[in-house]
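Some notes on the structure that comes next.
The values are calculated or read from the model by the stated rules, or taken from the named source; none is laboratory data. Since the model is a prediction, treat every value here as computed from it, not as a measurement. Methodologically, a virtual Cβ is constructed for each residue, glycine included, from the backbone with ideal geometry; neighbour enumeration extends over all protein chains shown.
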Amino acid sequence: MGEGLIKDYQDIKSIELDGTNVLISTYLNHDPEEDLEQEGIVQERKGNCEHACVCRLLEYQGVNSDNAGGIRSELKTIEPNTSDLSIDATQIIKDIQHLTDEAKIWQKTAGVHVAQLKYEDDIIIREDVSRHVAVDKVIGAAAKEGYDFSRCYISYSGRMPADMLIKVIRVGIPIIISNAAPASSGIDVARAGNITMVGFVRGNRFTVYTAPERINLEK
């Protein structure tokens, strides 16, 4: 979902595991040529260009998270998020503390990232070496539960570049919070997508970079 390959958990037909290989069949037919057009690759019927385009179509068969900087790490257009979800400033502090308290692998190794998705009174937490995959995991778990992403928000450890913001824009999550810094590219995408970006959550302080109306600073 974060890569835009499916739109809903029900689009997944089957998942098969074979060692380290994962084969996923979906009901949603996605045309990889759209991605080639998005990146500006023009398919011509001559010479090396045709060969190169065929190679890119084959490359599409293996999909990495957006942190790989591949053909799915950009959006043609960004639709602003219209969710009216709001959270209290004190809740942001509590969420980051809860994130740290529940990061069991991180407590033992200090070698992973942790992500937390909150929906009403429900909380999903996942850890992974990759901050992108940690976020992928909570999005996937929430999709399986049928959560309304417009009423969810994510707290996680790690920087906030454009590809991370694109991930939450695709699924419709309106708020992202981190104890780390944003990248300027992330701020640009968050502003365009009307995503509330909160960073540098340290102690009782944090910085709101975009769409501050979703944060109740009085509580």
Original post:
Is there a residue being of a type outside the set (Ser, Thr, Tyr) and within 22 Å of ARG170 (Cβ to Cβ) anywhere in the stretch 102-113?
Top reply: yes
Checked pairs for the stretch 197-219, first closer than 16 Å to MET160 by Cβ, second assigned to a loop (DSSP other than H, G, I, E, B), C-beta under 6 Å and 6 or more apart or across chains, list as GLY199/ALA181; VAL201/ASN179; ALA211/ASN194; ARG214/SER86
Counting only residues that are in contact with a helix residue (DSSP H, G or I) (Cβ under 6 Å, 6 or more places away or on another chain), surrounded by fewer than 20 Cβ atoms within 10 Å (Cβ to Cβ) and under 15 Å from ILE93 (Cβ atoms), the stretch 180-203 contains a total of 0
Notebook entry, point to check: Given the structure, is GLU3 surrounded by 16 or more Cβ atoms within 10 Å (Cβ to Cβ) and modelled with pLDDT under 90?
Noted result: yes
Taking the stretch 164-201 and keeping only residues that are part of a strand (DSSP E or B), over 19 Å from HIS98 (Cα atoms) and out of contact with any Leu (no Cβ under 9 Å at 6 or more places or on another chain), one is left with none
Those residues of the stretch 6-24 which are surrounded by 10 or more Cβ atoms within 10 Å (Cβ to Cβ) and of a type outside the set (A, V, I, L, M, F, W, C) amount to LYS7, ASP8, TYR9, GLN10, ASP11, LYS13
Pairing a residue in the stretch 166-177 that is without any contact (Cβ under 8 Å) to a residue 12 or more places away in the chain and farther than 14 Å from ASP148 by Cα with any residue that is among the acidic types (Asp, Glu) and surrounded by fewer than 24 Cβ atoms within 10 Å (Cβ to Cβ), where Cβ atoms lie under 6 Å and the two sit 6 or more apart in sequence or on different chains, gives none
When the stretch 98-133 is checked residue by residue, the ones that are assigned to a helix (DSSP H, G or I), of a type outside the set (Asp, Glu) and either in contact (Cβ under 8 Å) with a residue 24 or more places away in the chain or exposed (fewer than 12 other Cβ atoms within 10 Å of the Cβ) (or both) are HIS98, LEU99, TRP106, LYS108, THR109, ARG131, HIS132, VAL133
Report yes if some residue within the stretch 138-147 is of a type in the set (D, E, K, R) and within 20 Å of ALA190 (Cα to Cα); otherwise report no.
-> no
